[in-house]
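The values are calculated or read from the model by the stated rules, or taken from the named source; none is laboratory data. Remember, predicted model here, so these are calculated numbers, not experimental data. Cβ placement follows ideal geometry from the backbone for every residue including glycine, while neighbour counts extend to all protein chains displayed. When the accessible area is computed, the model is the full protein with side chains, heavy atoms only, and any ligands, DNA or RNA have been set aside. Shrake-Rupley method; radii C 1.70, N 1.55, O 1.52, S 1.80 Å.
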Amino acid sequence: MRRPVIAGNWKLFKTIAEAVSMVNELKPLVAKCQDVEIVVAPVFTALSRVADALAGSNVKLSAQDCYWEEEGAFTGEVAPKLLKDAGCGYVIVGHSERRQYFGETDQTVNKKAKAAIAAGLNAIVCVGESLAERESDKTFSVIETQIQGGLSGFSADAFDQIVIAYEPVWAIGTGKTASDAQAQEVHAFIRQLIARLFNQSIADAVRILYGGSVKPDNVKGLMAQPDIDGALVGGASLKADSFAAIAAFNAL
Ligand code: 13P
């Protein structure tokens with residue numbers, strides 16, 4: 001059985017004080033969600049303080065990006081081992097906003113995911129097609145290229161630390177969720193692709209999250225799909241009550 005992951009990507013929101021107060025509100029609301037892995041991803045500057053606030057809880061910490069070198073003259077970058085040092089267990093890699101605005105490519109995603117895994121972090125590797133790509137029937141080829149490039153050279157062992165997130169770009173922050181069937185179709189494709197590129201047991205075990213306008217009122221339908229193993233939530237993860245409701249999708 002694949003243990004569901006509900007992860008909140010806070011993007012560029014919240015001061016340290018706001019982040020700490022949000023998790024203090026969240027912790028009691030999700031304390032009973034023991035069958036789900038719950039993750040929050042604040043901005044870099046809040047990580048360490050949020051880690052302190054999360055100590056002893058069932059909520060885990062993620063960063064939103066990392067660099068692939070351990071140290072050196074790389075002004076402005078943050079190494080995976082420093083994220084671990086700050087209390088992270090996860091890092092998001094290759095989010096579409098990083099691909100779109102900051103020049104992330106499948107090659108840099110690959111280097112970052114490898115470095116994250118080497119440092120002992122779990123990497124949430126994001127893929128997803130744009131609206132133009134979907135409308136020109138390129139969804140599957142785009143996803144295939146991103147998965148093949150992003151996960152190239154990974155050993156079977158590394159998959160214990162890999163979570164894949166399918167986030168169709170047209171569904172991010174638009175209120176336009178992929179339908180349950182649209183999301184399931186791509187998730188099933190990704191799982192078959194992993195079976196083809198690696199092997200069936202890796203494909204059966206890897207968790208594939210859906211992201212793009214996930215809310216308390218659509219999470220249940222998405223999570224009922226056989227190949228959807230969790231959610232990467234943006235807007236609805238910024239408030240404790242809506243994120244907790246998503247994490248409690250089983251009870252909705
Ligand atoms: P929204 O849930 O705001 O659409 O954002 C999704 C996302 O990009 C999560 O990484």
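Numerical summary
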{"quantity": "Relative contact order of region 1-135, defined on C-alpha pairs under 8 angstrom at six or more residues apart (%)", "calculated": "20"}
{"quantity": "Charge sum, other residues only, whose C-beta stays under 14 Å from Gly234's C-beta, Lys/Arg counted +1 and Asp/Glu -1", "calculated": "+4"}
{"quantity": "Amide H within-cut-off set for Gly211, under 5 Å, with H built and near neighbours excluded", "calculated": "Tyr166, Glu167, Leu232"}
{"quantity": "Karplus-derived HN-Hα couplings along region 164-173 (A = 6.51, B = -1.76, C = 1.60, θ = phi - 60°), whole Hz, x at Gly and Pro", "calculated": "9, 10, 9, 10, x, 4, 5, 9, 7, x"}
{"quantity": "Within region 148-240: Cβ-based charge dipole about Cα centre, in debye rounded to nearest 20 (Lys, Arg +1; Asp, Glu -1)", "calculated": "260"}
{"quantity": "Under Karplus coefficients 6.51, -1.76 and 1.60, residue-wise ³J(HN,Hα) of region 179-184 in Hz, glycine/proline x", "calculated": "5, 3, 5, 4, 5, 4"}
{"quantity": "Summed side-chain charge close to Lys111 - residues other than Lys111 whose Cβ falls under 11 Å, Lys, Arg +1, Asp, Glu -1", "calculated": "-1"}
{"quantity": "Equivalent ellipsoid semi-axes, the chain, via Cα gyration tensor eigenvalues times 5, rooted, Å", "calculated": "25, 22, 17"}
{"quantity": "Residue (of Ser141, Ser242, Ser179) at the positive-pole extreme of region 140-252, dipole from beta-carbon charges", "calculated": "Ser242"}
{"quantity": "Rounded D (µm²/s) - region 111-204, Kirkwood Rh over Cα pairs, Stokes-Einstein at 4 °C, 1.567 mPa s", "calculated": "93"}
{"quantity": "Computed [θ] at 222 nm, deg cm²/dmol, the chain (DSSP H ≥ 4; -39,500 (n - 2.57); rounded to nearest 500)", "calculated": "-11500 deg cm²/dmol"}
{"quantity": "Cα pair count fraction exceeding 17 Å, expressed as % - region 170-243", "calculated": "44"}
{"quantity": "Per residue accessible area of the chain, 1.4 Å probe, in Å²", "calculated": "44"}
{"quantity": "Neighbour net charge for Trp170 - beta-carbon separation under 11 angstrom, K R +1, D E -1", "calculated": "-2"}
{"quantity": "Karplus (6.51, -1.76, 1.60) ³J(HN,Hα), θ = phi - 60°, over region 42-54, in Hz, Gly and Pro reported as x", "calculated": "x, 5, 3, 5, 9, 4, 5, 5, 5, 4, 4, 5, 8"}
{"quantity": "Whole-angstrom gap from region 146-182 to region 189-237, using each part's C-alpha centre", "calculated": "8"}
{"quantity": "Protein accessible area in region 1-59, 1.4 Å probe - carbon and sulfur %", "calculated": "59"}
{"quantity": "Distance between region 74-90 and region 53-69 - C-alpha centres, whole angstrom", "calculated": "9"}
{"quantity": "Packing rank of 50-58, 239-247, where each peptide gets the mean count of other beta carbons within 10 Å, highest leading", "calculated": "239-247, 50-58"}
{"quantity": "Relative contact order %, the chain, counting alpha carbon pairs below 8 Å whose residues are six or more apart", "calculated": "21"}
{"quantity": "Rounded percent of accessible protein surface that carbon and sulfur make up, region 97-186, 1.4 Å probe", "calculated": "49"}
{"quantity": "Region 110-252: Lys pairs at Cα distance under 21 angstrom, eight or more positions apart or on different chains", "calculated": "6"}
{"quantity": "Under 15 Å from the Met1 label point (7 Å along Cα→beta-carbon), backbone N, region 209-251", "calculated": "224, 229-230, 249-251"}
